[in-house]
Amino acid sequence: MSEYIIKQSALADFFKSLANGRRLLSPQGVGDKCKLEETAPEKVSLDFTNTHMSPKSLLFPQTERLMAFHNEHDKPNGYVFQSALDSGEPTVVFGIRPCDARGLSIANKVFQNDRFTDPYWKGKFDRTVFIGLACDAPLPQCFCAAMGGSPFGESGLDVLAFRQTDGLGFKALTDKGTELLKAAGATEADLAGEIKSLEAKAIESQGVKPNYQPIDNLDLMDLFKDPHWEATAENCLNCGVCTFFCPTCHCFDIQDENSERGGVRMRNWDTCMSWLFTVHGTGHNPRPTKTERVRQRFMHKLKYIPLKQDGVRGCTGCGRCVVMCPVNIDIRSVALKMAQTAPTPA
Ligand code: SF4
Ligand code: SF4
């Protein structure tokens, strides 16, 4: 059995146990102030909506120092390099939403795969335990179920927690998660039926699910060449807000910040919505107008990532870009337009 319960009266001790020897992070604040931050065990709350920003910065900070270099005596070839990799503290995140954990697992395949491992991401990933809190009351902008996820989704989590009348129920999903629950004194229980029925109710509350399935079967080039892209991109400001808020977007730029005898190498979030992101040293830009850039964003989420990740879409339906886009460009409408693309006659 992989399910456990902790009664309301024992929750304070449970959170203390999580924080024992680890940094405990949980959502704090309300509305657009809600963010994951270091939390004393007695301050953990179950009453939050969703964090304003996605949690990707835990593993992929907005700005991150990769290394420092200096040349003390200004000699040719006299540079000394110092890695900024650190061992960091073991961390437990309590209360990440299933859509966001799924977003991290999609980005994880970019930062760690059979060809490449990003040591900066990996170090943080390996020392973090993720405990999700299921959404029993999804927000109006949430559409995880239409994107193949669930308010009780398990992808990217070590433990899925959910509210019960008298405390929390848990499903352990990895060995790390099981160990943590056992160490916290959780009691085994058969909760499979309860989870199934709560999940069905939460999915139901997201309303009618549009059918994006045709995108999966449409030819990539038919989607790419469809004439709707120009109209779809017309209002876009290329501000990049959608990509900065997205839990799966992972574009970055690396810059050296030099001083007289040394400097630091920084990695910063970047965005495919920016003209500068793709301009080549020659001045040529393969995505010269916003039509190509907007198409790239949606094709990446809904076609390129699924092709590379066994059908998993690069959008988790968290709804952040829908809420934050200043000109109301809505990925749900764009996905429907894509799904209606006319295939080239054979
Ligand atoms: S948030 Fe909206 S306007 Fe800004 S880049 Fe994204 S789609 Fe364009
Ligand atoms: S709803 Fe928008 S922000 Fe959220 S995962 Fe999908 S594309 Fe990213």
* To do: Grab the DSSP H runs of the chain that are 4 residues or longer, score each as -39,500 (n - 2.57), total them, divide by all residues and round the 222 nm result to the nearest 500 deg cm²/dmol.
  => -8000 deg cm²/dmol
* To do: Of the options S105, P41, H280, report the single residue whose Cα projects farthest towards the positive end of the charge dipole of the chain (beta-carbon charges: Lys, Arg +1; Asp, Glu -1).
  => H280
* Report the local net charge at F143: Lys and Arg +1, Asp and Glu -1, summed over other residues whose C-beta lies under 12 Å from its C-beta. => +3
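Give me the mean projected area, in nm² to one decimal, of the convex hull enclosing the Cα positions of region 140-271.
On the way: hull surface 61.4 nm².
Average of the hull's projected areas for region 140-271 equals 15.3 nm².
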* To do: For each of S9, S333, S54, count neighbouring Cβ atoms within 10 Å of the residue's Cβ, then give the residues from fewest to most.
  => S9, S333, S54
* **Among the listed pairs K16/K201; K124/K171; K16/K171, those beyond 28 Å (Cα-Cα)** => K16/K201
* Just name one of V323, L160, A233: the one whose Cα is farthest towards the positive end of the charge dipole of the chain (beta-carbon charges, Lys/Arg +1, Asp/Glu -1). => A233
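Restrict the search to region 261-346; then list the trypsin sites (Lys or Arg not before Pro) that DSSP places in a loop and that have at most 13 other Cβ atoms within 10 Å of their Cβ. It would help to have the intermediate numbers written out before the result.
Numbers: sites: R261, R265, R267, K290, R293, R295, R297, K301, K303, K308, R313, R320, R332, K337; in loops: R261, R313.
Those that pass, being in a loop and sparsely packed, are R261.
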* Structure fact -> Per the charge dipole of the chain (beta-carbon charges, Lys/Arg positive, Asp/Glu negative, Cα centre), the residue among G149, Y304, L24 reaching farthest to the positive end is Y304
* Asked: Among the lysines, which fall within straight-line cross-link reach of K337, defined as a Cα-Cα distance under 20 Å, with same-chain neighbours fewer than 8 residues apart omitted?
  -> K209, K225, K290, K301, K303
* Go from 0 up to the bin containing the longest alpha carbon distance in the chain, width 10 Å each, and give me the % of pairs per bin. => 5, 22, 30, 23, 13, 5, 1
* Asked: Tell me, what is the Rg over Rh of region 3-204, with Rh the Kirkwood radius over Cα pairs?
  -> 1.05
* Structure fact -> The local net charge around G169, scoring Lys/Arg +1 and Asp/Glu -1 for residues other than G169 whose Cβ lies under 9 Å from its Cβ, equals 0
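If you add up the charges near Q8, with Lys and Arg at +1 and Asp and Glu at -1, over every other residue whose beta carbon is less than 13 angstrom from its beta carbon, what do you get? If you can, show how the numbers build up before the last one.
On the way: positive: K7, R163; negative: D13, D166.
Neighbour charge sum, excluding Q8 itself: 0.
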* Could you give the dipole magnitude of the chain about its Cα centre, charging the beta-carbon of Lys and Arg +1 and that of Asp and Glu -1, in debye to the nearest 20? -> 440 debye
* Once every Cα of region 18-70 carries one equal point scatterer and solvent is ignored, give the base-10 log of I(q)/I(0) from the Debye formula at q = 0.13, 0.17, 0.24, 0.30 Å⁻¹, two decimals. => -0.42, -0.63, -0.97, -1.18
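Coordinate-derived values only; no laboratory data. What you see is a predicted model; the values in this text were computed from it and never measured. Every residue, glycine as well, gets a Cβ built from its backbone with ideal geometry; the counts of neighbours run over all protein chains shown.
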